[in-house]
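For reference, the structure discussed in these notes is given below.
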Amino acid sequence: MAKTAEIAYNSPIYLQLREVVRSKIEDGEYAPGTAIPSENVLASTYGINRLTVRSAIDALVNEGLLKRVQGKGVYVVAQIERDLEVLGGFTQTMDEKHVQNKRKILLKGQRKAGEKYAAIFGIDEEDMLYYIKRLDYADEDPIAIQEIYIPYNLAPKMEGIDLSVFSMFEIYKFYGINPVRAWQTLDLVQLTQSDARLININKDQTVFLFSCTTYDEDDRVIEYSKSYTRGDKCNFKVHFHK
């Protein structure tokens, strides 16, 4: 028989309930995709009022651990974990996690490399790049904005490929390009108001910025990308080796 956690009274009650619910999520008692007990049930279980329960639940909703569904209740949100040591794109990661994914192309086209990207790719400033800006979804939730830069001479005529259907790794195969390693850096940044709106966050919230430089088997830089990812929807793991 499951034990009922007790609420002590040496700190704000809603904070204590928040941590009780968080623990039940982390322990798997409240499983991803399932509804937690109603406010009335939680209030009765712990002998507290509904407003206190609502404050605790609201805090976890704001963290992205819970999601309110109108007319149905409050559900546990499954965060998506990505292994940063494994070279793979968004589509591969979502498929491995059995998460329904889709991509919406916001912008695409050619642009000159300019000083910054010429240095990254080892090309002339006047050389052309193919630029893609897209919105990535997981189970209908927008979770990341991706900006991708590719030397145009590596993948000419990309305009004819449906980028919402094919992943970048699949497109590289079309051109005989073999990504073998990548170098990633992590930062915390804030988005513009328009970009923040695209992934349903407040512009004052910080997001993960992953900048990634990808190399092929000839040690050429074949892609530079920036991924602005919601921290409340994803987590990441890194293995440290001696």
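Just so you know, all these numbers are worked out from the coordinates, no wet-lab data involved. These figures come from a predicted structure and were not determined experimentally. As a convention, Cβ positions derive from the backbone with ideal geometry for all residues, glycine included, and neighbour counts pool all protein chains shown.
Extension gain Lys67-Asn202, at 0.36 nm per residue separation less the Cα-Cα distance, in nm?
47.0 nm
For the stretch 134-236, calculate the relative contact order in percent as a whole number, restricting contacts to Cα pairs under 8 Å that are 6 or more residues apart.
Details: 161 pairs, mean separation 32.7, N = 103.
The value is 32 percent.
Compute the distance in nm between two label points, each set 7 Å from the Cα along the Cα-to-Cβ direction, one at Ser164 and one at Ser38.
It is 4.0 nm.
Can you order the peptides 54-62, 106-114 by their average number of other Cβ atoms within 10 Å per residue, highest first?
Those peptides, ordered most packed to least, come out 54-62, 106-114.
Dividing the Cα radius of gyration by the Kirkwood radius, what Rg/Rh value follows for the stretch 13-76?
Rg divided by Rh gives 0.92.
Could you grab the relative contact order for the stretch 117-164? Cα pairs under 8 Å, six or more apart, rounded to a whole percent.
Averaging sequence separation for qualifying contacts and normalising by length gives 31 percent for the stretch 117-164.
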